[in-house]
Amino acid sequence: MDNVDSQEMPGALVEEYLQRERGTLSLLDELERLSIEGNNKKLRDRIRTFAEHNQEVFFTVALSLTGSKHFFGDVESQLGVGPADKLRELAETYPTLAEPFSLVRMEVSNERRNPITGFDVTTSYHSEEEVPIVGYTAFSGNLELYDHRGSPQEVLQTATYLVQATNDSLEASLQEDHSVNTDELSELIDRHETLESELNALRDHIDALRRKPVGDE
């Protein structure tokens, strides 16, 4: 469905949108209001429902909100300037919806769920327990996914679970003789190198703490 490079696909998508334009614009007005109000969870769920029940119209809107010149060009060549200009107006009228639509498009097209786009971290210290405290919040667009506060070892336990899950997925792919595309493999190598660098820094901090007597200020 997301393959808009085929010769006929953009036109077919847009024709479906044009048949439902009035109702779609009313929906986008409602979604924009949710975005302005900061009701991000309801906004994401409504866009998912939209994608589930009206995929052609959803993809037309999602691609229009990205401001893709390639998409607009294909539409113009197949349906004319008028329909292409209508779609260009969507990006100008509903700029706050571009990111949430893009993320749901990723979910629908690539079988993702809540792609993480941001990570806020805070640190503090619990003096009675003599333990640093790490707080972190993960975001998918403006949607807050989860919030956690814990000691370093608790945070690393979570990280360990995630690395183990990653290894499980790669091992399963190898056992099934599945390939991994070049872009994913390249990014995986980069992430591994970053992780090794962070683990080296962690080892240095742990060694320094071993040399520091407990309670020594």
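Nothing in this text is a laboratory measurement; each read-out follows from the coordinates by a stated rule. These figures come from a predicted structure and were not determined experimentally. Note: ideal-geometry Cβ built from the backbone for every residue, glycine included; neighbour counts use all protein chains shown.
Structure summary
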{"read-out": "Calculated FRET value between R22 and E176, using beta carbons and R₀ = 30 Å, to 0.05", "value": "0.05"}
{"read-out": "Extent along principal axes [Cα atoms of the chain; Å; largest to smallest]", "value": "75, 46, 26"}
{"read-out": "Cross-link partners of K86 among lysines (Cα-Cα below 21 Å; sequence separation of 8 or more within a chain)", "value": "K69"}
{"read-out": "Peptides ranked, highest mean first, by Cβ atoms within 10 Å: ranges 170-178, 134-142", "value": "134-142, 170-178"}
{"read-out": "Charge dipole (debye, nearest 20) of region 9-110; +1 at Cβ of Lys and Arg, -1 at Cβ of Asp and Glu", "value": "260"}
{"read-out": "FRET efficiency for I36 and S77, using Cβ-Cβ distance with R0 set to 35 Å, rounded to 0.05", "value": "0.50"}
{"read-out": "Amide H partners (placed H, <5 Å) of T117, local residues excluded", "value": "F139, S140, G141"}
{"read-out": "Estimated FRET transfer efficiency (T122, Y161; beta-carbon r; R0 25 Å; 0.05)", "value": "0.70"}
{"read-out": "Derived scalar couplings ³J(HN,Hα) [region 162-173; Karplus, 6.51 cos²θ - 1.76 cosθ + 1.60; whole Hz; x for Gly, Pro]", "value": "5, 5, 4, 5, 4, 4, 4, 5, 5, 5, 5, 5"}
{"read-out": "Whole-Hz couplings from phi, Karplus 6.51/-1.76/1.60, listed for region 84-89; x for Gly and Pro", "value": "5, 5, 4, 6, 4, 5"}
{"read-out": "Fully extended contour minus Cα-Cα distance, from E15 to N200, at 0.36 nm per residue", "value": "61.0 nm"}
{"read-out": "Taking region 9-110 and dividing mean pair separation by its residue count, relative contact order in percent (alpha carbons under 8 Å, at least six apart)", "value": "35"}
